[in-house]
Structures are given as C-alpha cells and as structure tokens.
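Everything on this sheet refers to the single structure shown next.
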Amino acid sequence: MKYVLISGGVVSGLGKGVTASSIGVVLKACGLRVTSIKIDPYLNIDAGTMSPFEHGEVFVLDDGGEVDLDLGNYERFLDVTLTKDNNITTGKIYQSVLEKERKGDYLGKTVQVVPHITDAIKDCIETVAAIPVDGKEGPPDVCVIELGGTVGDIESMPFIEALRQLSFQVGPDNFCLIHVSLIPVLGVVGEQKTKPTQHSVRELRALGLTPHLLTSRSAEPLLESTKEKLSKFCHVPVENILNIHDVPNIWHIPLLLRNQNAHHSILQQLNLLSQATPPDLQQWTEMAETYDNLTESVRIAMVGKYVGLTDSYLSVIKALLHACVARSFKPSIDWIAASDLEDDSAKSTPEAHAAAWETLKSAACVLVPGGFGDRGVRGMMLAAKYARENNVPYLGICLGMQISVIEFARSVLGWERANSVEFDAQTPNPVVVFMPEGSRTHMGSTMRLGSRRTLLQTSDCITSKLYGNSEYVDERHRHRYEVNPDVIGNLEEAGLKFVGKDESGKRMEILELPSHPFYVGVQFHPEFKSRPARPSALFLGLILAATGKLEAFISRQNGT
C-alpha cells in the first residue's frame, strides 16, 4: 500500500479536504485506484452528536456512518463509496484500546499512548486502507490520508507519532507527505510572507516527519522568489512546491495541481511512475470550464435554521450545483433564516421579516433542508404553505418533508394543533411521531441511518419518472421521527399522496401533491449521493421545475 499524507500548518480551514480530494482525483486520472482516510483528532466517537455550528455538516455514508464533511468531498470528487471506518477519531481509537484493556487483552501491561494508542492508530489505518471503495475487487493502490487540525495541536500528537512510525515501517517508497500551509500577504507592499510556513515545517520536522511536497495556499499565484525562499528554508525542491491560489470554483484545483506536475512529484516519491499513465482530466476540464462560462442563473430560496454557516448545508449546496450545471444554469441561492419569516419577527425585527418574505417571493423554487429542534419551524411551515398555495416548486428534505405534512394537516385538514411530537409532545394531532426503534437516552448512532430501500408505489408520479421509472431507490437516511402511519388515510383523502414507502409499507418515504407542478417531500437525504457528473434526480427535478423544463424533460425521458 502507498500512502499520501496531507497535513496542515499555520491555521485551520485552509482547504486540506479539497486538496486531499483533488490529489486523489489527479492520481485516479493516472489510472490508479484511490481510497481516502480522514483523521479527526477530537474525542467524539463520530460527528453525529455535533451541532452544524461546531463542525459544519454531518455527512452520512451508505453504512450509516455519521462522519466529517470532508468525506463528502472525497466521495463527490473520487466517485467512491466510503465506510464509517474511513473516518478515524481520537474517540474511536481510545474506545477500542480501553475495550481491549477491560477484556484483559494487554496481559497486565501498563496501557500507554506509546505504544498502545499509536499501534491502534497504525492498525486502523492499514486495515481501512485495504478496503476497496470503488466497487472493484482487491485493495486500492494509494490511500490519501488527511490529518485534521494543524501541526502542533495537542490532540493530534498521538496521530503524528503513529504516522511517523508508519512512514518508517512502510519505507520511503511507500510514503509521501504533503504539507498544506498559508502564505499570507501583509501590508501595502504586498509581500508574500514565508515565515509562518517555515515555522510550521520546522515543527513538523521536529516531530519526525519531513514533507516531500509543500502546498502553499495564497490569494494570488506564488512568485518564483517566494518558491525559492520556501525551498531553501523548508528543504523541499522548488519543483515540489505547489501553489493552490484562489480559483473561480473548486473543480479547478485538480487541474491546477496537474498543471504544476503534482502527480509526477507524488508518483516519483512513491515509485509509481512506471505503473501510472499521464493524467486524463478531459471530462473534469470540461466540467470546470462549463461552470465558469454559465451566464443564466436560477434563484433558489433555501429556508433553514443554520443559514449563518453555509457549511451546515454543504452537500445540499453541492447537489444544487450539480443539478444546475447539468442544465446549464448557475445556482443563485438566497439564504433565508426560517425564523425571519415568522409573525413574531414582524414585530421584533420588521426589516428582516420584510426582506425574508421579499426574497422568498422572488425565488423560482423553495428548498427546506433537514435539521433538528423547533427553532424556525413555524417559518419553514409558512415557506411550505407559500410554495404549495402559489404553485412554486418545492423540495422538502427530512425535516422539510415533515414540515410539509404538518402544514398540510393544519391548513387543509383543519387540524390547527397538528404537529410533530418533537416540537409538541402534547399535540392532539401527532402527524409526525418518534420512531419505535429509536433511543430516547442515547444520542449517538441511534437514528435511522445509512442507505435504505424505498419502494415506489406507482410509476405515475414525478419521483418515479425522475429516477428513470425505477421500482425502488436506495438513498441515505438520518432521522429519529417519521410521518404517523395512523394519519396517512386522512392526508391522502385530502390530496397528499405518499408515493414512496419502505419495504414494510408502514414508513412514509416520499410524498407528492399531484395537483401541484412540483411539490415533493422525502424522508431521506438525496444530496449525499449527488455527484458532479451524476446529479441527484430530485435536485434535478427541482431545477427543471424552477426553469419550466420539467414536463419536456420527463417526456424525453419516457420517449413520449
């Protein structure tokens, strides 16, 4: 196994995840099979219990793993299917070591960070790296490992020591270290400063790891003099100093690396030059250039709780991008804080209330994504009601679907206090209920998670046609609450149709309003499986409906 380690210095948030994904894309374009591992040094077992404000979106995998959003980048860029084991956390490592200690596996030894924790990290990396993620048999050729945080963080020390041992263990031909660092520009002179990177590399070398390549993050392209200075003080050849400067969109980053011969330097270090082919990034180039040259845009109202931090909805944003680019549009996302739509905000913050409603009414379609808790729920219902009553294309995901059911029960069935038991435990009309298999005492990994099958109940619905008249779809889930099976009859009599159910037939997965041009709610998260070259069917449907092209598209799909 060949390992490429991506570490970061100076500050966090430099884009190590996108860099790691892009390096994977370039190596894959050279004919190699690539897998990825993300190391998160926090003590949480996984990302599932963290607020999106803390750590951005929680990405869900096929096997139900709740992981760091960078694994979403890996899956989208590399078009692979990762497992929960591809996200290694301090919590997972310590948990496994402590479980062994309790069982007596260490034979009376004093359990210590070195060697027991570091050995567990190495074993985990080597085991996970061998798992095929591209649907083919046998282990991948290269494993790209991203080490979260920055060099020098206390919590990442055991991982750095384990990776130092691993690099020594596998030998120099099987290990390539790429260090991502910031090159700031200070003052009116605009000089590119290398000192932060020098300090960062010095600290890394003091810990026993020497970078083979440097990836410098900067606003503008690096000057040759800056590269020479970095080479001299960081002991890295000039040709191995890469520069990722700001680009119009992140699809350019693999091309930027290819143009700087990053693949050649990495392949040379890993002794893979004879095995690899020149990188074929033709399709990727076309995709990046197509996006740059788009002129028409489509306005999408995103009504949610976490709109102050767009990373909370990263996969939704990417899925909208994939769908828009596929139809030659640029996405223009109008972020609306759901609470700004509520009647209370008309009194407390009238300007924000007026602006939110003006934005909603000028959008071509409405999307209500997932979320937890009751903040902003009334605003989401108002958005769903507006879209339903005014024939505006609507897509509700997870909570967004439940919102549309509550709103429909209140407005159409006249059940004024209809609600989810998540928001009102005493509601006389519980249209959304807690799932029987859920846990009320443990939060981590107790939801309905991962890829589940949804059976389409009729071929004569928009969802079935968008999915290519398939009888079923496999999509990823993340929820604790579901539509109450006892009220389905009432809702369907009033016109709301549940066109997708789980294999038991009792759990509602997809709803549609046949009298509406496009009013769809799904209990699953279609955004997690969207890819640049294969946009999610439902996101594509939303954009088609927003641009008045849905009927023509479905007719072409069905050959009518």
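The values are calculated or read from the model by the stated rules, or taken from the named source; none is laboratory data. The model shown is predicted, which means the values in this text are computed figures rather than measured ones. Cβ: placed from backbone, ideal geometry, glycine included. Neighbour counts: every protein chain shown. To get the accessible areas, we keep the full protein, side chains included, count just its heavy atoms, and leave off ligands, DNA and RNA. Shrake-Rupley method; radii C 1.70, N 1.55, O 1.52, S 1.80 Å.
Quick rundown of the values:
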quantity: Segment 309-319, subset part of a helix (DSSP H, G or I) and of a type in the set (A, V, I, L, M), residue farthest from ASP340 (Cα to Cα); calculated: ALA319
quantity: Those residues of segment 321-343 which are of a type outside the set (Gly, Ala, Ser), within 29 Å of PHE553 (Cα to Cα) and open to solvent by less than 50 Å² (accessible area, probe 1.4 Å), in sequence order; calculated: LEU321, HIS322, CYS324, VAL325, PHE329, PRO331, ILE333, ASP334
quantity: Considering residues of segment 37-52 that are hydrophobic (A, V, I, L, M, F, W, C) and either closer than 20 Å to ILE154 by Cβ or in contact with a Gly (Cβ under 8 Å, 6 or more places away or on another chain) (or both) only, the residue most open to solvent (accessible area, probe 1.4 Å); calculated: LEU43
quantity: Residues located in segment 314-358, provided they are closer than 17 Å to MET302 by Cβ and among the polar types (S, T, N, Q); calculated: SER315, SER332, SER339
quantity: Restricting segment 288-327 to residues that are within 22 Å of LEU538 (Cα to Cα) and acidic (Asp, Glu), the residue that is modelled with the highest pLDDT; calculated: GLU296
quantity: Leading residue by the ranking (least open to solvent (accessible area, probe 1.4 Å)) among those in segment 66-91 that are over 18 Å from PRO526 (Cβ atoms) and of a type in the set (D, E, K, R); calculated: ASP68
quantity: Complete set of residues in segment 515-560 that are basic (Lys, Arg) and under 30 Å from GLY64 (Cβ atoms); calculated: LYS529, ARG531, ARG534
quantity: Candidates GLY468, GLY414, GLY450 - the one that is at pLDDT below 95, among the small types (Gly, Ala, Ser) and under 24 Å from the mean Cα position of the chain (by Cα); calculated: GLY450
quantity: Any pair with Cβ under 6 angstrom, 6 or more apart, that starts in segment 104-133 at a residue that is in contact (Cβ under 8 Å) with a residue 60 or more places away in the chain and of a type outside the set (S, T, N, Q) and ends at one that is open to solvent by 40 Å² or more (accessible area, probe 1.4 Å) and in a loop (DSSP other than H, G, I, E, B); calculated: ALA129/MET1; ALA130/PRO139; VAL133/THR81
quantity: Filter result for the condition that a residue is loosely packed, with under 15 Cβ neighbours inside 10 Å and under 27 Å from the mean Cα position of the chain (by Cα), over ASP173, ASP153, ASP141, ASP134; calculated: ASP134
quantity: Condition check for TYR306: in a loop (DSSP other than H, G, I, E, B) and surrounded by 15 or more Cβ atoms within 10 Å (Cβ to Cβ); calculated: yes
quantity: Exclusive hit being of a type outside the set (Gly, Ala, Ser) and either within 15 Å of the chain's Cα centre (by Cα) or open to solvent by 50 Å² or more (accessible area, probe 1.4 Å) (or both), set VAL60, VAL4, VAL26, VAL34; calculated: VAL60
quantity: Residue match in segment 355-368 (condition: open to solvent by 50 Å² or more (accessible area, probe 1.4 Å), out of contact with any Lys or Arg (no Cβ under 7 Å at 6 or more places or on another chain), touching a residue at least 12 places away in the same chain (Cβ under 8 Å) and of a type in the set (Val, Ile, Thr)); calculated: no
quantity: Within segment 247-272, considering residues that are without any contact (Cβ under 8 Å) to a residue 12 or more places away in the chain and under 25 Å from GLU220 (Cβ atoms), the one least open to solvent (accessible area, probe 1.4 Å); calculated: VAL247
quantity: Which listed residue is at pLDDT below 95, open to solvent by less than 70 Å² (accessible area, probe 1.4 Å) and hydrophobic (A, V, I, L, M, F, W, C), from VAL128, VAL111; calculated: VAL111
quantity: Residue match in segment 491-507 (condition: of a type in the set (S, T, N, Q), more than 23 Å from PHE408 (Cα to Cα) and surrounded by fewer than 16 Cβ atoms within 10 Å (Cβ to Cβ)); calculated: yes
